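Structure first, commentary second.
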Amino acid sequence: MGWPDLPLAGVLGAALGVLVGLIDYAVVASLVRRALARLGGAPDPKRADLVMKVVFVVNALVFAALGWWVGVSVIGIGVTPA
C-alpha cells in the first residue's frame, strides 16, 4: 500500500493556506487575548492556553482546507464541467 495520489495544486494550496492561517492567527489571537482581558480579572492560565490552542488548530485546519479547495479548483481537478 503506497501513498495516495495527491494533486500538487492541492498540496501547494494547503501549504499556502496554512501560511495565511498563521498570519490570520496572529490577528485573531490578539483579539481573543484582548477580549479575555476585558472580561475582568486575569483568566485561568490553563484555560486561556487551551482556548489559544483550539483557536490555532481550528484556524490552521480551516485555512488548509480552503487552500486545498482553491488549489484544486484553480487547476481544474475535481471540478465537473457544466
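Using beta carbons and a limit of 9 Å, which pairs, at least six apart or on different chains, have the first residue in the range 36-63 and over 27 Å from Leu19 (Cα atoms) and small (Gly, Ala, Ser) and the second one modelled with pLDDT under 90 and part of a loop (DSSP other than H, G, I, E, B)?
Ala37/Pro43
If you check Leu31, Leu16, Leu36, which single one turns out to be modelled with pLDDT under 80 and either of a type in the set (Asp, Glu) or assigned to a helix (DSSP H, G or I) (or both)?
Working: Leu31 fails: modelled with pLDDT under 80; Leu16 fails: modelled with pLDDT under 80.
Just a single option satisfies the conditions, and that option is Leu36.
The values are calculated or read from the model by the stated rules, or taken from the named source; none is laboratory data. Because the structure is predicted, anything quoted here is derived from the model rather than measured. Cβ: placed from backbone, ideal geometry, glycine included. Neighbour counts: every protein chain shown.
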